[in-house]
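The values are calculated or read from the model by the stated rules, or taken from the named source; none is laboratory data. Note that the structure is a prediction, hence the values are computed from the model and not measured. Cβ placement follows ideal geometry from the backbone for every residue including glycine, while neighbour counts extend to all protein chains displayed. Accessible surface is based on the protein model in full, side chains and every heavy atom, while ligands, DNA and RNA are left aside. Shrake-Rupley method; radii C 1.70, N 1.55, O 1.52, S 1.80 Å.
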Amino acid sequence: MSNRYDEVPYTSHPYARTHPDRLATLARLFGLQPPSPTTARVLELGCASGGNLLPMAELLPQARFVGVDLSARQIERARELAAAAQLGNLELHAASILDVDERWGQFDYVICHGVYSWVPREVQEKILAICRERLSSDGIAFISYNTYPGWRMREMVRDMMRWHVRGIASPAAAIDQARALVDFLARSVAGHDHQPHALQLRKELALLEHASDDYLFHEHLEECNQPLYFHEFVDRLAQHGLRYLCESDLHTMLSRELSDDVRRTLDRIAPDLVHMEQYLDFVRNRQFRASLVCHGERTPHRALSPARMHGLRFGLPPTAAGEAIDLWPGVVHSFVDAEERRISSGRSITKAALACLQRSWPRELDFATLHARAATLLREAGRSEER
């Protein structure tokens, strides 16, 4: 396995959804008391060349970061980057995840992004064991993984490509042949979008046509890629004394885009959170999850409360420059963030708060300051907070 990632290094980027600050914020929203990210000890399993870990180490100089990856080539590159950035709060290890034991110590946050589904079951079990044994009592782990039913179509395309490139030893040649197959399949179903198979196939192939070589190679041509259903992942957590907390992208746990009839049915057939999330995966044909995990002894409070906003800070990048915001009640205005997620509201106080966040960007505001500024903006516009 190390040779595959040495031959075709995986492009390493920062992933905001894995940042300890985000994990801590979500844990607090559900009533937990996570360790402070500013002084935390953080472990990343499968850190590649440090694209995710190094920016964290630079932004949180009082925290300690440890990264491990099986690829010696990628770890060497990460060490070069860390040295150039003069990061003294970072350790990097060219080792197997199976090597992580009590000698590594305890961690407040464990990050495992883009690894779990792509390693053998033995390593998957070790990842969960690390979360149980090496995670501090109030710590939070992040684990991403491919899920069914959405990955069924991708699995079909993966099987096609792996069969097509069987016997090709050179990664570069295998990638070229895989792309040739993708092109052939795309052309073969052209003009047949009325057929469900062709429509689904073309959607998947359109994604692959723009995928990088390293993504295509490791996502579709590696021996290991084991998606699973969400409920199966939750069962595995329980076997290791762990508990599912929430998704790193919290908005995906909401069902606002569904019809009232669908939501009522889900409420009737889903007796708990796990069932609800699994049914939502069925409805949305979900392919990927990025889940937060805590110790089984912790008890999250699922009913979110406005009181938990206190002590947090908020930010929102501006949208179109100079765009006017009508604060009159009932006039719906939409705010869109950098990831094209949309917040729409007709409430005056909500619109005023979001407008204040955009005016303050890139500075963030705590809840009390945000409330005060929003109230001031409403008074200046001749509106009342209650409206």
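A few points about this structure:
- Centre-to-centre separation between the Cα atoms of the stretch 256-288 and those of the stretch 112-176: 25 Å.
- Percent RCO, i.e. relative contact order, over the chain, from Cα pairs under 8 Å lying at least 6 residues apart: 16
- Phi-based couplings in Hz for the stretch 157-173 (Karplus 6.51, -1.76, 1.60; Gly and Pro marked x): 5, 4, 4, 4, 5, 5, 5, 5, 9, 4, x, 8, 7, 6, x, 4, 5
- Projecting the Cα atoms of 184, 226, 57 onto the dipole axis of the chain, where Lys and Arg carry +1 and Asp and Glu carry -1 at the beta carbon, places 57 farthest toward the positive end.
- Nearest-20 debye value, the stretch 74-164 charge dipole, Cβ charges on Lys, Arg, Asp, Glu: 440
- Long-range HN-HN contacts of residue 288 with modeled amide H, under 5 Å: 147
- Simple point charges give the picture: +1 on the Cβ of Lys and Arg, -1 on the Cβ of Asp and Glu, and for the stretch 177-300 a dipole about the Cα centre of about 320 debye.
- Ellipticity estimate at 222 nm from DSSP helix runs (n ≥ 4, -39,500 (n - 2.57)) divided over the chain, nearest 500: -12500 deg cm²/dmol
- Residue 111 accessible area, 1.4 Å probe, all protein chains in place, Å² to nearest 10: 0
- Taking Cα atoms only, the orientation of helix 121-133 departs from the longest principal axis of the chain by about 40 degrees.
- The angle between the Cα long axis of helix 196-209 and the longest principal axis of the Cα atoms of the chain comes to about 90 degrees, rounded to the nearest 10.
- For residue 31, nonlocal amide neighbours, meaning residues 5 or more places apart or on other chains whose placed amide H falls under 5 Å from its own, are 301.
- In this calculation the C-beta distance from residue 7 to residue 310 is compared with R0 = 41 Å, giving a FRET efficiency of 0.20.
- Measuring r between the beta carbons of residue 215 and residue 376 and using R0 = 45 Å, the FRET efficiency lands at 0.40.
- Descending Cα extents along the principal axes, the stretch 240-387, whole Å: 53, 35, 28
- Stretch gain in nm, segment residue 303-residue 366, where the contour uses 0.36 nm per residue and the Cα spacing is subtracted: 20.5 nm
- Nearest-10 value in Å² for the accessible area of residue 194, using the 1.4 Å probe: 140
- Positive end of the dipole of the chain (Cβ unit charges, origin at the Cα centre): among 72, 239, 306, the Cα lying farthest that way belongs to 306.
- For residue 247, residues with placed amide H under 5 Å, excluding near neighbours: 292
- Folded to 0 to 90 degrees: helix 72-84 orientation relative to the chain principal axis, Cα: 40
- Between the stretch 335-386 and the stretch 190-224, the alpha-carbon center distance in angstrom: 41
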